[in-house]
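**Student:** Would you mind keeping the following structure in view while I ask a few things?
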Amino acid sequence: MSVGRATIRGMIASLDALLPAAGTHVSSTYADWVAAHDPDAVGAARDLIVDMGRELNQSWTKPGRFVDTMAARARRLPPAHLPWFWDTVGHRLIGYGSRPGGRAYAAARAAEAEHGLPVDPGYRRANALLFAAGGAMPAKEFGAHQRFLAETLEPAAAHAALDAFLTAWAGSKADLPADLVRRVRASAKAAGHGDEEVARLVGAILSVTRKKSVPDALLTAAGPVLAAHPPADTVAAGLVEVFPEGATDGGAWLRMLIACGAASDGGRAGGAGGAGCTAGSGTSCTCTSTRRSPAAGSHGSRCRWNSSTWWAGWGRGCGRRAPR
């Protein structure tokens, strides 16, 4: 079986044991793989790992430059070594922001495809979880990983693996992909599920998303699904606490809350520490949360969100147009 030009390895024992167990910052995956598969080169591989650590320590404030330096080193390696080398680079970059580690992950997968190298499914799945949890999974690799799961697992198992992958991603600092709902629906359909399962998974993912931008397109797509299958109270409370950051007025988020009943007459949702949200006649929302609003700074204890006029902070003014 193949994914692109990469070949799926049929093995009894997975290579996922090569993943770092003592912390990604000291990953030796590449040297461990070389020791098992190209023992004549193990000395050079271990020296390269030492150089890798030294170089990152020297350029830790410029991780992009570190990736460029590693690219020069990669050009001297045999093709079969490249995925393992680049994954190790990526492991060590987890925690340095999404872009540097993402570049390394993408380079590893590109090497597999370009050279038709064998791919161990268990390792690939576990490695993707590691990058997703660390916030270093490139958004453009989401589709490729979903296809990989579909090609290497039965539909129900592939959907469960996608659930775990997205849950790991949601808990990281990385932004969620804008087409999340479409991709979850495709996975659920292949596994024989309907929109109820789509709503469950999308709601679960969004409800644990914190301190990051959330694309308006994602929230807009999630609204009708969650409206048709309203989330449980615990999930609804989590949705109230999302507070998208970045260049947004929060309108798509508020519309999603109102559509699914997380912000409704009577104040259905209530988050941790007494956070909650109520909306009267579908026009205003009063949030009693100590978190930051998406359009302004902290409001101390309460903020009043009127969706047809202005944001007005209770104790501190927002000075921003309300979402429409």
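**Student:** Which ones in region 122-177 are more than 21 Å from T29 (Cβ to Cβ) and of a type in the set (D, E)?
**Tutor:** Within region 122-177, E151, E154, D163, D175 meet the criteria.
**Student:** Before we move on, is E114 farther than 26 Å from A222 by Cβ, outside any loop (DSSP other than H, G, I, E, B) and touching a strand residue (DSSP E or B) at 6+ places or on another chain (Cβ under 6 Å)? Can you show your working first?
**Tutor:** Values: farther than 26 Å from A222 by Cβ: yes; outside any loop (DSSP other than H, G, I, E, B): yes; touching a strand residue (DSSP E or B) at 6+ places or on another chain (Cβ under 6 Å): no.
No.
**Student:** Now, a different point. Residue check, S98 against (1) polar (S, T, N, Q); (2) touching a Leu at 6+ places or on another chain (Cβ under 9 Å); (3) closer than 30 Å to K62 by Cβ, all met but one. Which one?
**Tutor:** Unmet condition: (2).
**Student:** Go through region 141-163 and count every residue that is surrounded by fewer than 16 Cβ atoms within 10 Å (Cβ to Cβ) and not in a helix (DSSP H, G or I).
**Tutor:** Selection size over region 141-163: 1.
**Student:** Please list, ordered by first then second residue, the pairs with beta carbon atoms under 7 Å, 6 or more apart or interchain, first in region 242-262 and farther than 16 Å from P231 by Cβ, second at pLDDT 90 or above and surrounded by 19 or more Cβ atoms within 10 Å (Cβ to Cβ).
**Tutor:** Correct list of pairs: P244/V214; P244/W253; T248/D216; A252/D216; A252/L219.
**Student:** Please indicate, with yes or no, whether at least one residue in region 172-187 is at positive phi and surrounded by fewer than 23 Cβ atoms within 10 Å (Cβ to Cβ).
**Tutor:** No, that holds for no residue.
The values are calculated or read from the model by the stated rules, or taken from the named source; none is laboratory data. Quantities reported herein were computed from a predicted structural model and do not represent experimental measurements. All Cβ positions, glycine included, derive from the backbone under ideal geometry; neighbour counts span all protein chains shown.
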